[in-house]
Each structure stands twice: as C-alpha cells, then as structure tokens.
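Single-structure report; data block below.
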Amino acid sequence: MARIDLQHLRHSYIENPIGVEDYALKEVDYTWEDGGAYALLGPSGCGKTTLLNIISGLLRVSEGKILFDGKDVTALQPEGRNIAQVFQFPVVYDTMSVHDNLAFPLRNRGVGEDEVKRRVSETLDMLDLTKWSDRKARGLTADVKQKISLGRGMVRSDVNAILFDEPLTVIDPHLKWQLRSQLKLLHKQFGHTMVYVTHDQTEALTFADKVVVMYEGEIVQIGTPEELFERPSHTFVGYFIGSPGMNVLPVDIEGRTARIGSTEFELAGVPELKPGSRTDLGIRPEFIVLGEEGIPVSVNKVEDVGHHKIVRAAIQDQDISIVIDENASVPADPHVVFEPDRVSIYANDWRVEMGG
Amino acid sequence: MNKTQNNKAWFLVLPVLLIVSLNAIVPLMTVVNYSVQETFGNNLFFFEGVKWFREVLASERFRASLLRQFSFTFIILAIEIPLGVAIALSMPKKGIWASVCLVLMSLPLLIPWNVVGAMWNIFALPDIGLLGYTLNAIGFDYNFTSQAISAWFTVILMDVWHWTSLVVLLAYAGLRSIDDSYYQAARIDGASRWAVFRYIQLPKLKHVLTLAFLLRFIDSFMIYTEPFVLTGGGPGNTTTFLSIDLVKSALGEFNLGAAGAMSLIYFLMTLLVCWLFYTLAMRGEEK
Amino acid sequence: MGEEQVLELQNVSKRVGAEFHIRDVSLRLEPGSLNVLLGPTLAGKTSLMRLMAGLDRPTEGSVLVDGKDVTGVPVQRRNVAMVYQQFINYPTLTVYENIASPLRLSGVSKAQIDEEVQKAARLMQLTEFLDRTPLSLSGGQQQRTALARAVVKKAALVLLDEPLANLDYKLREELREELPKIFAESGTVFVYATTEPSEALLLGGNTAALSEGRVTQFAPTVDVFRQPVDITTAQTFSDPPMNTIEVKKAKNTFHLGEAAQLVVPKGYWGLPDGAYTIGFRAHHLLMSRPPETTKNNPLKGTVTITEITGSESFIHVSCAGQNWVMIARGVHNYDPGDAIEVFVDTRHLLVFDAEGTTIHSATEQQAA
C-alpha cells in the first residue's frame, strides 16, 4: 500500500505536442493518500484511462513524475511497480485452476510454496472463492472471473495499489450490487489504495471516498460524493452527476436578485461576480419543490420511474426537470420553489461563492 | 397447427448431392468393390471377402511403407508446428513489416507441388545444386539419389520449407486475436516471457493449432507429388511412402484388389487418427 | 410512413438440442407500441428477438403479422430493422452512405434518398459527420448512425438489442430519452431488450419480463413493476435485488423468524394462516416509521456496508437472518457492524404463496 504523488503530469499521444489541444491529459498535480479509495469519473475520451495506464506503467507519461511513497517510479515498467489491475473484460488464465490463477503472481516472484498456499487460501476466503478453488477458470461466469482478477492483486502482500478499469461493464445488474458492496467491504477491511475508472456515476460515487471528475483531459473537480452532488464546481459536474442532471438556466443577477426571463426571485446571498461574465443558475431536480407557490411552470410530461417521478416542465421557455416522490402528484396550478441554499451560481461555467 | 410443408426446397440440394456422389461416394464404393474381389483381367471378378485385407495387413512391404509414413509425418509435425509457432511469435505485430512478412510467408504456399519437387531436385543435386554442392563443399557426404539419410533429409527439409508457412499464418492470426489486456495483466503479474507463452498464448492458440495439426497430418499422409518428383521413392524403397506404394501397386503392378484394400486401411487410419486427436484436443471444452 | 402491422407470437418455443432457449411464449405487439424485453443475460431476450425478426425459425408455435402466418418467412422478406449492442455499420462507407443503404436497396429516387438521409441525420445529430466513416466517430455517434439506418428503413418492426449497453452512462440517458420519440410517430412495433430495470422504467411502454426463456409477465411497464405476478418477475424487475423473507402468518401478524414481526396490512387480513414469502423493494425499507403503520415495531439489524452517492445512501443491512438493501435519501454514514433499526413500508408489501405467485391484496382486487 502506498501514497501516490502525481507531479505535473501531462500526456500526449503525439510525438511533439505544440498546443494544449494536443494533450490527451492536461496538467494533473495531485496526491492520493495511502489506503484511499479514488474514482476517476468522466465520459469516454476524457483522459481517465490514459491517467490510469500512466499510474500502472502501461503507458510512459510524456511529462511529469509519479511517486509511490516518495519513490520515483516514472521510468518503471508495470511489473516493477507492484500494482494490480482489474480490466473491463475479465482476464483469467483459462488453463489454470482458480487456485493457480491466484498463485501465479506469487510464483512469478519466487515466493515459497508454503507461503503461496497460505496467502492464496486466505485470499480465496476473502473473496468467497474457496468453493471454486480447484475448478478450471475457463467457463466460470463473468463475475467470478472478475473476482479472480481482483484476487490476483489482493494475494500480493506488497501491492502498492489496485487499479480498476470499468470492472463491472459485463456484469448483470443484480451481481453488480453484490460485487460493488463486496469491493467496498474489502477496502474497509484491508485498506488497499484503490483507483477505480468508470463512466458510471453510481459506481464511482458509491465506491470512492474521493471522486475525481474529468472532462476533456482535465480534472474539473475532486470531492466527496456529497460535495459533487451538492456543490458541483463546474456545470459539467452538475450535468454529469445525478440523473437527471442538474438544471442549468441562464440567469441575470443584480445583487441578491436573480432573474430568469421575466421571473424574479431572491438568492440566499450575493454571488461574487466579476462583471461581464456569462451567468447561469444551477439547481438539482431533487431540490425543486413542486407546489402551488413560487414561480409558475408549465408541466409537459410526468415520467413514472418507479421509485420516484420525473416531472418535465418549463419556466417560460426554459426546460427544467423536477423529481417528486412516488406517491406525490402534480398540482392543478403548478408552481416551483428553488430551495435557497441549494442554488448555485455559475460564471462562465465555474461556480462562484455567495457572499453575505 | 397443421402447416403446409413445402418440400420443393430439397431439390436445391440435389446438385451438391450429385457432385459429392460423383467425386466421393462413387470412387469410394469402387475402391470398396475392388478390395473384396480378385481379377485376372478381361473384366472377370471373383468375390474374395477379406482376403486382400488380411494379405495387406500381413505383408512386410505394407508395414514398411506404413512405418516410413508415420515416421515422416511425425518428424515433419514435430518440426513444422513448433517452428511455425516460433516464427509467428517473432513476426512484427503491425506496420509495413508485418505485411512484408506475411507476403514472404505465403510465397511457398503458392507454388504447385510438382514445381516444388522439381525445384528441390535441382537445388539438392550434389554436383550443381546450391544445397547439394554447398553441403559437399563443407565436408558432408551428401547425395540424395544414393543415400537413404540424404534422401530423407531432403524430403523433410522440402516439406518443412513448403508447409511451415501454413502453420505460421494460422498461428499468427491466432496470436493477433488475443486481447491486449491479457498481456497487460501478465506484465502486472510479473509473468516471464515463457509464462506468457505457456499460459496465455498457447491456450489461446489451441484451436488454430488443432486445425494446423489436422491439416498437416492429413496432407502429409497424402504426400505424393513432391517426393515422387524428387526421389521417385528411392533410393531403393527408402522414401516410398504409403501413397507412392499405393500407386505402384495399383498402376505399376495392376494389383487392384490389394491396392483397394490398402486405400481403405489408409483411409480408415487417417480418419481414426483425426478423430482421436480432435476428441483429445477438444476434451473438457464446453460447446 | 412505415406500414403498420400487428406482430403476434403464438406459443412459440425454440429448442436447441435438449435446451429450451424460448419456452412457450405468446405475445401480441400493437403498431406504434414500445415494448421492453427485460431480463438478465441468457434469459432469452436475443433469442426471442431473432424469432420475431425471422432470423431463426421457432421449433414450435407460429409468428403472425396482421393475422397472417409468417413462420419461416426469412428476415429479408419481412420489413424489419435491427440494432445491436455492438456498433454495426459498413466500415468503408461514409455515414451518409450507411444511412442511405436501406433506401438504395429499395430503389428510391436520388432526391428522396437525400431528403430522408438529411432528415434522419438531423434527428440523430449526425449532420456534421455525414462525410466521415463510422470508425472515425465516437461510440455514441457510431450507434446513432446504426439507429439512423433503422429510422430511414421505416420498418414495421424495429428491434433494439441492448443498443445503449456499450455507451457512456450520460449518453445513454440522452439517447434513451430520444429513442421512443423518434420511433413513436412512425407506427412501428418497437422492441427494446435490456438487462436494466431502471432503463425499462425510463422507457415506459409495455414490459415483457423474461426469465429462463419464459415471458413471466407482459403488461404496461409500471404495472409490471408495481404488481408483478410472481416472485421471479419481481426479482427480474428489481434493482437492487428485492428484499425477501419467508414468514409465518398467524392472525394479524407476519412472524419473521423468532424475534421479529410485522402487522399484516389491511388488504391481507383475509389471508389464511400459514407460510408465505414477503418482498419489498429497497426504497420501501425505511429508517423512520412510515405513516399508516403505527403499530409496527422497528426491526433490529446490523449494517454490513454503506454506499453513498451524495444524493442517496445504499445501506446493506443484515436483518432477521437476511441480507437486505435500503435506499435512503441523503447521506447516512453507517460503519460496518453498526446496529440499526429499520421499518418496512407495508403499504408497498408484496406477498407470495409457496409457488411464488403473487397474492393480491383485497384493496387491489377491489380496484381491479
């Protein structure tokens, strides 16, 4: 287990990058604490897999340094970094038994057979794989195979970090719940440093202590799930996290007063704006109260999605989504109120603080 | 739930059925027919039961050519399969050189059998052939027309030259279909080059290698043109393989009954070995 | 506009060797309807679609279009479009030619082809990519191309086999919203296979729940979700898995093992005493006492693990010998091993008999 320092990392797949746009990964400078659970979240092409491969050593970074517990590993190959990785599609050694799959990384490093036996049977226990121990890995289901991949990492006592590259892609929904919570439990119990790459917000948020949201090669926010949900620092984070995503409405601001179209209402504070910036108001569908007071809206559609309903409505010509309880219904003359301390104001897409 | 079944579609299968019966079933049945009869010319045939089979199986000559056949097949398989895999492993994975290698590799496969035989005949001639001359020049006593060992050496070298490419191409295609994450996982697990081969590449190559093995086995069992052109089965009978012996017996000596019985035994043996190998290779595989 | 037709499967089975891929399925799909096939991997979703399309011939039963038996009529002679999980396009053709390909085959005039292609491209936001080849596009754009091809074909039957499974989460959300709208106007029979309950709910329409080759229920999506006919359907349509427990009913009490009990909700008072299985979804396991169930004592449990999304907390609870999941709004940070008191919202309780069939409450029966 190790602390991972990423120092001024930049990566380009082009040999002689000139402008910023040539970089698949723009300036990342951050420290991942020992024993932390981190998720890299973002749409495809945002650079999250590039960053993961740089950490694992499968990719040699163009600029910057990577330190494991203060030791520079930038130039080291994956086998020299003592990391483990679980891939999108299960990778197992087909011809070996489950037991031998787990023993493989140990035997490769010349660990004695007694120690191998002890470590493997411990790991099999941890992952509920003992009953498969003597089975050939071929022909097992995808979820068991993913556990085997994970086991090959966990079996090594000296592993610095375990990396996951969208590991639940090929797993059925019900098994996802099991695997996800088991992974979380393993992290709580054994405290490995874990890095999890995904485009699925539920996986990222439930897994990680800290979620790193990436967009077009840049980190736009790092925070706890709660921070990302309640105070997205960029409109992209608001949109990307939550379903439906945050409502982002163009707004005119004068002191405490916000104006959407011809509707005016008071904010909780005075946003600290620089003049001339484009301003938007962000409010999550969960934090809009649908009732008979407030701003009048026209309701276009109500989607019953089981556990709750999504109301698609409009304030004048601005579309908004509202989440209401499964037992609730839409009033005859619908109005909405934005919960004041849940409103964020964005200037040129970045969140600004509210002054008193 | 009574549906009118239109059976006319079956007529569409007829042409295939006809062709197959003309080029496979009819000849096979003719052979079966010959194998149980005795003829003295003039189209006079007598039923003989299994006499020919008994005679062929007991004959020293058949056993000798069968042994030669198996030795030959075993040797070329033992060389071509590992060599083919080794070459495929060392070929570049992408880029212009991958294409160049592939084209070079396919060349021997494009040359007709008799040309291969003739080429090697000239190539190996001890007085003027490049191979024969060189070998003698560096001190080997080499003459494939008079020495059994030289003849075998040449026949095997020729077959390896001609057919290893097939194994290379199959193995190369098989290797390319392995997902990169397998190699990445192996690097992370600290696997040696040998372990990568043993636990990733070889298992993933199993299907194509089974195919390569069967193709090369059947082909080598049927080998005729190349050694016939090269050595004519000699010196003596030392390179007289089953098929050469068969032709000698059927056309050279007009011994139709014995040749018929021999072909059938030969055919059944090939079938048996293929079936055995396939079953063993696919054992424990779902679907 | 596409031709409108009713697709009907009558007692259709598909057997391969001794194995049933589809077992005795009967469905009637109306023109203009959106139908979701919901079930886990290998439940038979793809097999069923292949039978509908005419790619496979059923072992038993018949496929009817507008009442006419088309069993065994091959796919080329039916008016069908199919989109797969993998992005399947002609790699050497431009996006424009890809979209135009079904029209080229049917001999439509050049001007009309151009009009149709432009329209479909606008709908799928592909206009700026028309000159590119599919492989130079992102996954989402590639799948939009495949979908645009299905749109211009104006097929009477459009089959989508997990079309969004390989796309990013957010992109999925957007396309999922657009898809029903795009096909709704055309009067086609629209069939959509998915493994995800949430996707079925967001799409709406009708849902056929599949399990081991059988359609266990076919009804409007929300009805299948709220009133599943049996425990299998309820499980298929629960994400996270439904919480269940075997109970003994004695008078007005469900006994959950030794220590715990629940008051039988009003609608089930007439139920004879005996053994049942009850089920409730993760949203109906609560941290505070729900209204109308004042007599229930909380159930005592232990937290296995908590997952927090920022807006919700998924709390895995071990309770009465079962492993349950509770979804609660807001952030609730429990540690593994913490004691917790939970309430079952019995207003949403499902009760199953020994065979797993749902027993409807008296109030539901009155409503029906």
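Here are a few things to note about the model shown:
- Residue list for the range A:41-52, filter: within 14 Å of chain C (Cβ to nearest Cβ), over 21 Å from C:S136 (Cβ atoms) and out of contact with any Gly (no Cβ under 9 Å at 6 or more places or on another chain): A:L41, A:G42
- All of C:I315, C:I327 fail the test of being closer than 14 Å to C:D345 by Cβ, in a strand (DSSP E or B) and either modelled with pLDDT of 90 or more or away from every other protein chain (no Cβ under 14 Å) (or both), apart from C:I327.
- Residue check for C:F280: within 30 Å of C:N166 (Cβ to Cβ), crowded, with 19+ Cβ neighbours inside 10 Å, within 14 Å of another protein chain (Cβ to nearest Cβ) and among the aromatic types (F, W, Y): no
- The range A:189-200: number of residues that are touching a helix residue (DSSP H, G or I) at 6+ places or on another chain (Cβ under 6 Å) and not aliphatic (A, V, I, L, M): 4
- So A:F265, is it in contact (Cβ under 8 Å) with a residue 24 or more places away in the chain and either surrounded by 20 or more Cβ atoms within 10 Å (Cβ to Cβ) or within 12 Å of chain C (Cβ to nearest Cβ) (or both): no
- The criterion of being under 24 Å from A:K309 (Cα atoms) and surrounded by fewer than 19 Cβ atoms within 10 Å (Cβ to Cβ) does not hold for C:A208.
- Matching residues in the range B:229-266 - criterion: being within 20 Å of B:E55 (Cα to Cα) and exposed (fewer than 14 other Cβ atoms within 10 Å of the Cβ): B:L251, B:G252, B:E253, B:F254
- Of all residues in the range A:140-155, at least one satisfies being in contact (Cβ under 8 Å) with a residue 12 or more places away in the chain, at the interface with chain C (Cβ under 9 Å from one of its Cβ atoms) and part of a helix (DSSP H, G or I).
- Residue, nearest to the chain's Cα centre (by Cα), within the range A:191-218, restricted to residues that are surrounded by fewer than 22 Cβ atoms within 10 Å (Cβ to Cβ) and either of a type in the set (K, R) or in a strand (DSSP E or B) (or both): A:K210
- Verdict on A:I18 being closer than 25 Å to B:Y183 by Cα and in the same structural domain as A:V212 (by TED's automatic domain parsing): no
- Candidate set from the range B:168-189 (those that are under 30 Å from A:G110 (Cβ atoms) and assigned to a loop (DSSP other than H, G, I, E, B)); member that is farthest from the other protein chains (Cβ to nearest Cβ): B:I178
- Hits in the range A:166-188 - residues which are facing chain C (nearest Cβ under 8 Å), over 22 Å from C:G140 (Cβ atoms) and in a helix (DSSP H, G or I): A:H174, A:W177, A:R180, A:S181, A:K184, A:L185, A:K188
- When residues of the range A:87-122 are limited to those that are polar (S, T, N, Q) and either more than 7 Å from chain B (Cβ to nearest Cβ) or in a strand (DSSP E or B) (or both), the one nearest to A:L163 (Cα to Cα): A:Q88
- Screening the candidates A:A75, A:A84 for the property of being exposed (fewer than 14 other Cβ atoms within 10 Å of the Cβ) and not in a helix (DSSP H, G or I) yields one hit, A:A75.
- Residue check: C:A200 meets all listed conditions (1) surrounded by fewer than 23 Cβ atoms within 10 Å (Cβ to Cβ); (2) at pLDDT 85 or above; (3) within 26 Å of A:E203 (Cα to Cα) but one, namely (1).
- Any hit, the range C:10-18, residues being assigned to a strand (DSSP E or B), crowded, with 16+ Cβ neighbours inside 10 Å and touching a His at 6+ places or on another chain (Cβ under 7 Å): yes
- Filtered residues of the range C:151-171 (kept if closer than 17 Å to C:T195 by Cα and either surrounded by fewer than 19 Cβ atoms within 10 Å (Cβ to Cβ) or free of Cβ contacts under 8 Å to residues at least 12 places away in the same chain (or both)): C:A165, C:N166, C:Y169
- Condition met for A:D252 (among the acidic types (D, E), under 30 Å from A:V28 (Cβ atoms), touching a residue at least 24 places away in the same chain (Cβ under 8 Å) and touching a Ser or Thr at 6+ places or on another chain (Cβ under 8 Å)): no
- Residue tally, condition under 17 Å from C:A100 (Cα atoms) and without any contact (Cβ under 8 Å) to a residue 60 or more places away in the chain, over the range C:136-150: 5
- Cβ pairs under 8 Å, 6+ apart, first in the range C:64-79 and within 12 Å of chain B (Cβ to nearest Cβ), second surrounded by fewer than 11 Cβ atoms within 10 Å (Cβ to Cβ): C:D69/B:K3; C:T71/B:K3
- Residues (modelled with pLDDT of 80 or more, crowded, with 19+ Cβ neighbours inside 10 Å and either within 25 Å of the chain's Cα centre (by Cα) or under 30 Å from B:R176 (Cα atoms) (or both)) located in the range B:132-150: B:S150
- The number of residues in the range C:210-231 that are acidic (D, E) and within 22 Å of C:I22 (Cα to Cα) comes to 2.
To keep it simple, each residue is scored yes or no on (1) part of a strand (DSSP E or B); (2) within 33 Å of the chain's Cα centre (by Cα); (3) modelled with pLDDT of 95 or more.
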| site | (1), (2), (3) |
| --- | --- |
| A:A314 | yes, yes, no |
| A:D319 | yes, yes, no |
| A:A332 | no, no, no |
| A:D341 | no, yes, no |
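- Restricting the range C:51-60 to residues that are out of contact with any helix residue (DSSP H, G or I) (no Cβ under 9 Å at 6 or more places or on another chain) and surrounded by fewer than 22 Cβ atoms within 10 Å (Cβ to Cβ) leaves a set whose member that is farthest from the other protein chains (Cβ to nearest Cβ) is C:T59.
The values are calculated or read from the model by the stated rules, or taken from the named source; none is laboratory data. A quick note: this is a predicted structure, and the numbers were derived from the prediction, not measured. For neighbour counting, all protein chains shown are included, and Cβ atoms are generated from backbone atoms with ideal geometry for every residue, glycine included.
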